[in-house]
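These notes concern the structure reproduced below.
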Amino acid sequence: MSEATIAPVPSVAIPASAKDYVLLMKPRVMSLVVFTAFVGIITAPVAMNPFALICAVLAVALGSGAAGALNMWYDSDIDALMARTVSRPVPAGIVRREDAFGFGMIMSVLSVTLMALASTPLAAGLLAFSIFFYAVVYTMWLKRLTAQNIVIGGAAGAFPPVIGWAAATGTISADAWVMFGLIFLWTPPHFWALSLWTSKEYARAGVPMLPVTRGAKHTRLQILLYTLVVAPFGLLPAFTGLGGSVYLVVAAVGGLAFLWCAIRVFMSRAGDAEARADIGRAKQMFGVSIIYLFALFAALLVEHVLPLHFPVVGGA
């Protein structure tokens, strides 16, 4: 089979289990989506009824799962060509493509309906838009069209805290958009670090990720440039009143660690075919990036749940 050939998706050999449908929803991605949405709810200035809060978080989880299922439905052809995705339920032949599509559509309707009933029309509208953006704008259009796919498409993953904030308040404030900006700016260096060691798979699948179209050297530069932006941006919540001194310390230490990893990747030859030993630096940055984003939102959560919110500047 040539590299340009799309491998056929195997026919279903065994009945799909509940676990297979959970995997269809990308549970690891869902966990971060749910967590950041929950932080958006907790940091909002209006307290939600506990039952409504649980329903809103569940709606976000269902919406994230719906987007993941629709992504796997549409991308089953290219998933079958990449080692890290070939075992997913659809390319593995466990879940049929049409079943993945139907599951994703049903989950989309359920999630948006539940959000509308549990919270506010604005939150439900934002949830519907984020599902559409990930499944259609990113998956069906940008991913196979441009190397900027993850830059623009990253907006889908940045909406959860805004949705959470809107669920609690019915509005969107500057602080909600700051949380959006954190995830939006973090996404490109995070995924480009991953793409440095999976570029051959993306090339084989015909996905124009940055290392495929511009090379590893340019990708390493872009990783550094984006990190130079996101690290100081990560300090911003401490100066808007959203975060306090605890957050500031976490953001400063985490930002320096993230930046140090980016510098090490930039100074390496990670992604170059003849420098396989350096790929460990890209893998390290990928891992640190996850810890960094989780730590930022965890610090916000801790400050608002426990009596630890000590403002850096004047304000409550």
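Exactly one residue among Leu210, Leu224, Leu228, Leu196 is under 21 Å from the mean Cα position of the chain (by Cα) and farther than 18 Å from Gln284 by Cα, and that residue is Leu210. No other residue among Gly181, Gly153, Gly170, Gly164 is buried (at least 24 other Cβ atoms within 10 Å of the Cβ) and either touching a residue at least 12 places away in the same chain (Cβ under 8 Å) or within 13 Å of the chain's Cα centre (by Cα) (or both) apart from Gly164. Among all residues of the range 184-202, there is none that is closer than 22 Å to Val302 by Cα, buried (at least 21 other Cβ atoms within 10 Å of the Cβ), out of contact with any Leu (no Cβ under 6 Å at 6 or more places or on another chain) and at pLDDT 95 or above. Exactly one residue out of Thr139, Thr113 is more than 29 Å from Val288 (Cα to Cα), hydroxyl-bearing (Ser, Thr, Tyr) and part of a helix (DSSP H, G or I), and it is Thr113. In this structure, Thr139 does not satisfy being in the same structural domain as Ile223 (by TED's automatic domain parsing) and either touching a residue at least 60 places away in the same chain (Cβ under 8 Å) or more than 13 Å from Gly40 (Cα to Cα) (or both).
In the range 228-277, which residues are of a type in the set (A, V, I, L, M) and either within 14 Å of Ala193 (Cα to Cα) or not assigned by TED's automatic domain parsing to the domain that holds Ala203 (or both)? If the condition is that a residue be of a type in the set (A, V, I, L, M) and either within 14 Å of Ala193 (Cα to Cα) or not assigned by TED's automatic domain parsing to the domain that holds Ala203 (or both), then Leu259, Ala262, Ile263, Val265, Met267, Ala270 are the ones that fit. Taking the range 97-138 as the range and being over 30 Å from Ala80 (Cα atoms) and buried (at least 21 other Cβ atoms within 10 Å of the Cβ) as the test, the residues that pass are Val112, Met115, Ala118, Ser119, Ala123, Ala124, Leu126.
Does Leu62 satisfy the criteria of being closer than 16 Å to Leu126 by Cα, surrounded by fewer than 22 Cβ atoms within 10 Å (Cβ to Cβ) and either among the hydroxyl-bearing types (Ser, Thr, Tyr) or at pLDDT 95 or above (or both)? In short, no. Against the conditions (1) in contact with a Leu (Cβ under 9 Å, 6 or more places away or on another chain); (2) closer than 30 Å to Arg204 by Cβ, Leu81 satisfies every one except (1).
The values are calculated or read from the model by the stated rules, or taken from the named source; none is laboratory data. These numbers come from a predicted model, not from an experiment. In this analysis, Cβ positions are derived from the backbone assuming ideal geometry, glycine residues included, and neighbour counts consider all displayed protein chains.
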